[in-house]
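Everything below concerns the one structure shown next.
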Amino acid sequence: MQEMSRSGTAGELRLDALIADLWSRVRLLNTDILEEEAKAGVFDVLQPTYPLLALDLRARRDNLVSTIGVLEERAKSVSEAA
């Protein structure tokens, strides 16, 4: 049996903390992307000289945002079921 708190189950709180942590990582990746673009002086992804590291960071960020969306849906369904 899970421990209950005023805000919900311990699992819900852990899921919320995970989502918040992932959003903070997205913000860090955004900063890193901007830094790489500024270093290269290229901000258009379609340019052939766009930095490869920035492309990789964008892919990682997009994957995290997708994962966050799934986790937020799960958190929503868990809270509605409670």
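FRET efficiency for the residue 10 to residue 55 pair, using the beta carbon distance and R₀ = 35 Å, is estimated at 0.35. Using a cut-off of 12 Å between beta-carbons, work out the net charge of the residues near residue 33 (Lys and Arg +1, Asp and Glu -1, residue 33 not included). Here the count lands on -1. Helix 10-40 and the longest principal axis of the C-alpha atoms of the chain enclose an angle of approximately 10°.
Listed peptides 40-47, 23-30 appear in the order 23-30, 40-47 once ranked by packing, highest mean of other Cβ atoms within 10 Å at the front. Note on Cα extents along the principal axes in Å: of the candidates (i) 37, 21, 21; (ii) 55, 17, 14; (iii) 34, 30, 20, the value calculated from this structure sits at (ii). Straightening the chain between residue 35 and residue 72 buys 10.4 nm, computed as 0.36 nm per residue apart minus the Cα-Cα spacing. Highest mobility in the GNM of the chain, judged by mean-square fluctuation with C-alpha springs under 10 Å and restricted to 31, 67, 49, is found for 49. The residues neighbouring residue 52, those whose beta-carbon lies less than 11 Å from its own, together hold a net charge of -1 under the Lys/Arg +1, Asp/Glu -1 convention.
Note on the chain: dipole from Cβ charges, positive end direction compared against 71, 9, 57; the farthest Cα belongs to 9. For the chain, what is the mean residue ellipticity at 222 nm derived from helices alone (per DSSP H run of n ≥ 4: -39500 (n - 2.57); sum divided by total residues; nearest 500 deg cm²/dmol)? Calculated at 222 nm, the ellipticity per residue is -27000 deg cm²/dmol.
Hey, can you find the accessible area per residue of the chain for me, probe 1.4 Å, expressed in square angstrom? If you can, show how the numbers build up before the last one.
On the way: 6020 Å² over 82 residues.
Heavy-atom accessible area per residue stands at 73 Å².
Would you mind getting me the FRET efficiency between residue 21 and residue 43? Use the beta-carbon distance for r and R0 = 30 Å, nearest 0.05.
Given R0 = 30 Å and the Cβ-Cβ separation, E is 0.60.
Pop out the carbon and sulfur fraction of the accessible area of the stretch 15-67 as a percent, whole number, probe 1.4 Å.
Answer for the stretch 15-67: carbon and sulfur cover 59 percent of the accessible area.
The values are calculated or read from the model by the stated rules, or taken from the named source; none is laboratory data. As the structure is a computational prediction, the values presented were derived from the model and not from experiment. All Cβ positions, even for glycine, are placed from backbone atoms using ideal geometry, and neighbour counts span all protein chains on display. Each accessible area value is taken on the protein alone, full model and side chains, heavy atoms only, with ligands, DNA and RNA left out. Shrake-Rupley method; radii C 1.70, N 1.55, O 1.52, S 1.80 Å.
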